[in-house]
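Engineer: One structure, as structure tokens, below. Some questions next.
Please treat every number below as a calculation from the coordinates, not as lab data. Computed from a predicted structure; not experimentally measured. Ideal geometry is used to build each Cβ from the backbone, glycine not excepted, and the neighbour counts take in all protein chains shown.
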Amino acid sequence: MAPNDAHTALWPAPCASGAVDATVHVPGSKSVTNRALVLAALASEPGWLRRPLRSRDTLLMAGALRTLGVGIEEGVGPDGSGEAWRVIPSGLRGPATVDVGNAGTVMRFLPPVAALADGPVRFDGDPRSYERPLNGVIDALRVLGARIDDDGRGALPLTVHGGGALEGGPVEIDASSSSQFVSALLLSGPRFNQGVEVRHTGSSLPSMPHIRMTVDMLRAVGAQVDTPESGGEPNVWRVTPGALLGRDLTVEPDLSNAQPFLAAALVTGGKIVIPDWPARTTQPGDRLREIFTEMGGRCELTEYGLVFTGSGAIHGIDVDLGEVGELTPGIAAVAALADSPSTLRGVAHLRLHETDRLAALTKEINELGGDVTETSDGLHIRPRRLHGGIFHTYEDHRMATAGAIIGLAVEGVQIENVATTAKTLPDFPDLWTGMLGA
Ligand SMILES: O=C(O)C1=C[C@@H](OP(=O)(O)O)[C@@H](O)[C@H](O)C1
Ligand SMILES: C=C(OP(=O)(O)O)C(=O)O
């Protein structure tokens, strides 16, 4: 296959011939894996990461840290079970070049790490990465003492001139375009001379569960973090300087990547079991239990995992997805097949994700005969009888899985570049056909 063929290749989305009934082992969480890699790289002793996600975004993170001198070795975990990465921290080195691909976690979480390296670190990535906002991280790092060369747009490409250490201290940022600005500064904060105090000054802050994930994971490796939720000031997070422990962490399944499979139960009136669904988690995908129940399903969380059953009916929903924006494409796909209209709110920042997700969902669902309109901060979706056609994906993994959900119920849907799911879920086509064949 010529290099570009994958981008235009069409994958006939399988139509479900009946109710699905399958157990799907969903690979590890992207957000947990990439935070764990950063924290392990900044620790003062080696650590283990069990069942890490191996996808484009996490391999880019691991590759970048290796380029900076961190050891990341393949192995089995300390108890001999499961695949694992052993992470061996070392002095962070420049000069180095980091390819961020189109991974928000890599482009936002690593510039603060690079500021601790002892030389220049150049950041570059996919064309879309040049359009995704990074100003919150760049401006904050400058205030905290870093030297950065960029072209003044507040985006990639750029070079962080690591000085071996960073002063740190208080900083104000507007993180209304991405919660990852806050997470990025907190994750490296324990290694700054004065730690860091991040004050969010913007009008809104999306994806709070992801900030909670950052705080929980920092605390799990010994960092002291004060948050608005632990009695601190509203919109202020404080990380005390200190050494981080090397831990043995098992990565939870990616609950946002469980979404298309749960949606399949909803769309076909079937049953899906997701083993190892955590009883307590900061992953935004946990909200699917509530959202997909409201849309017509039923959940049971057992010791084995989540059992989710569709009733055959799919109801529309009026919901603010600001905290769980990455679930929007999958919810929009289900909503397009529902028995009543839906309004998805609070997700204006999705215009700056892998693609402009509000525009892409509107265009692609409408080209299959749908009736979707964009609002200032979301989508109105009025279900219509849909027909087959090409579902373009704009190099967005969640567009591809959204198209596959629609394809379950609509004959003749062809997904462009299904390989783009490899950003976070490389086995998607096999897992999907396996689920249908089960
Ligand atoms: O920190 C993280 O791991 C993420 C935070 C969110 O980013 P935004 O706040 O930019 O939406 C989310 O959408 C993204 O998929 C992962
Ligand atoms: C927005 C997403 O990714 P990123 O980490 O690249 O921001 C996503 O996975 O939906």
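Engineer: Using a Förster radius of 30 Å, what is the FRET efficiency between Asp21 and Glu83 based on their Cβ-Cβ separation? Nearest 0.05, please. Don't skip to the end; give the middle numbers.
Structural biologist: Working: r = 28 Å, r/R0 = 0.95.
E between Asp21 and Glu83, to the nearest 0.05, is 0.60.
Engineer: Next question. Just from its helices, what would the mean residue ellipticity at 222 nm be for the chain, if runs of 4 or more DSSP H residues each count -39500 (n - 2.57) and the sum is divided by every residue, rounded to the nearest 500 deg cm²/dmol? All intermediate terms of the calculation are to be shown ahead of the outcome.
Structural biologist: Values: 13 runs with 129 residues, N = 438.
Per the formula, -8500 deg cm²/dmol.
Engineer: Moving to a separate point now. By count of other Cβ within 10 Å, fewest leading, how are Phe308, Phe261 ordered?
Structural biologist: On the way: Phe308 27, Phe261 24.
So the residues, fewest neighbours to most, are Phe261, Phe308.
Engineer: Averaged over all directions, how much area does the convex hull of the C-alpha atoms of the chain cover when projected, in nm²? Before the final figure, lay out the partial values.
Structural biologist: Working: hull surface 78.3 nm².
Averaged projected area of the chain's Cα convex hull equals 19.6 nm².
Engineer: Among 153-162, 52-61, 324-333, how do they line up by average Cβ neighbours within 10 Å per residue, starting with the highest? Kindly include the intermediate steps, with their values, before the conclusion.
Structural biologist: Values: 153-162: 19.4, 52-61: 24.2, 324-333: 26.5.
In descending order of packing, they fall as 324-333, 52-61, 153-162.
Engineer: Can you tell me the order of 37-44, 281-288 when each peptide is scored by its average per-residue count of other Cβ atoms within 10 angstrom, highest first? Can you show the working numbers first?
Structural biologist: Working: 37-44: 24.1, 281-288: 22.4.
Answer by packing, highest mean first, reads 37-44, 281-288.
Engineer: Test of understanding: what is the full-extension gain from Arg66 to Ala220, defined as 0.36 nm times their sequence separation minus their Cα-Cα distance?
Structural biologist: On the way: separation 154, 0.36 × 154 = 55.44 nm, distance 2.32 nm.
Full extension from Arg66 to Ala220 adds 53.1 nm.
Engineer: State the answer as a single residue: which of Pro170, Thr201, Pro241 lies farthest towards the positive end of the charge dipole of the stretch 154-306, with beta carbon charges of +1 for Lys and Arg and -1 for Asp and Glu, about the Cα centre.
Structural biologist: Result: Pro241.
Engineer: Let me know the charge dipole size of the chain about its Cα centre in debye, to the nearest 20, where only the beta-carbon of Lys, Arg (+1) and Asp, Glu (-1) is charged.
Structural biologist: Details: 36 positive and 52 negative charges, 74 e Å.
Here the size comes out at about 360 debye.
Engineer: Picking from Glu290, Glu197, Glu354, which is most flexible by a Gaussian network model of the chain using Cα springs under 10 Å?
Structural biologist: Glu290
Engineer: Can you tell me how much longer the chain between Ser311 and Asp248 gets when fully stretched, taken as 0.36 nm per residue apart minus their C-alpha distance, in nm with one decimal?
Structural biologist: 18.7 nm
Engineer: What residue among Asp151, Asp126, Asp427 has the largest mean-square fluctuation in a Gaussian network model of the chain, using Cα springs under 10 Å?
Structural biologist: Asp151
Engineer: With θ taken as phi - 60° and the coefficients 6.51, -1.76 and 1.60, list the Karplus ³J(HN,Hα) couplings across the stretch 90-105 in order, rounded to whole Hz; mark glycine and proline as x.
Structural biologist: With coefficients 6.51, -1.76 and 1.60, one gets 8, x, 7, 10, x, x, 7, 10, 10, 9, 8, x, 10, 8, x, 5 Hz.
Engineer: Based on the alpha-carbon gyration tensor of the stretch 1-86 and its eigenvalue square roots a ≥ b ≥ c, which shape applies: rounded if a/c is under 1.5, prolate if not and a/b is larger than b/c, or oblate? Could the numbers behind the result be given before it?
Structural biologist: Working: a/c = 3.06, a/b = 1.59, b/c = 1.93.
Note, shape of the stretch 1-86 comes out oblate.
Engineer: Glu45 versus Ser90, label points 7 Å from Cα toward the beta carbon: distance in nm?
Structural biologist: 2.1
Engineer: Taking square-rooted eigenvalues a ≥ b ≥ c of the alpha carbon gyration tensor, is the stretch 165-243 rounded, prolate or oblate, where a/c under 1.5 means rounded and, failing that, a/b exceeding b/c means prolate? Walk me through the numbers before you get to the answer.
Structural biologist: Numbers: a/c = 1.66, a/b = 1.34, b/c = 1.24.
Verdict is prolate for the stretch 165-243.
Engineer: Then there's this: Quote to one decimal, in nm, the extra length available between Arg153 and Gln194 on full extension: 0.36 nm per residue of separation minus the C-alpha distance between them.
Structural biologist: Numbers: separation 41, 0.36 × 41 = 14.76 nm, distance 2.84 nm.
My answer for the length gained is 11.9 nm.
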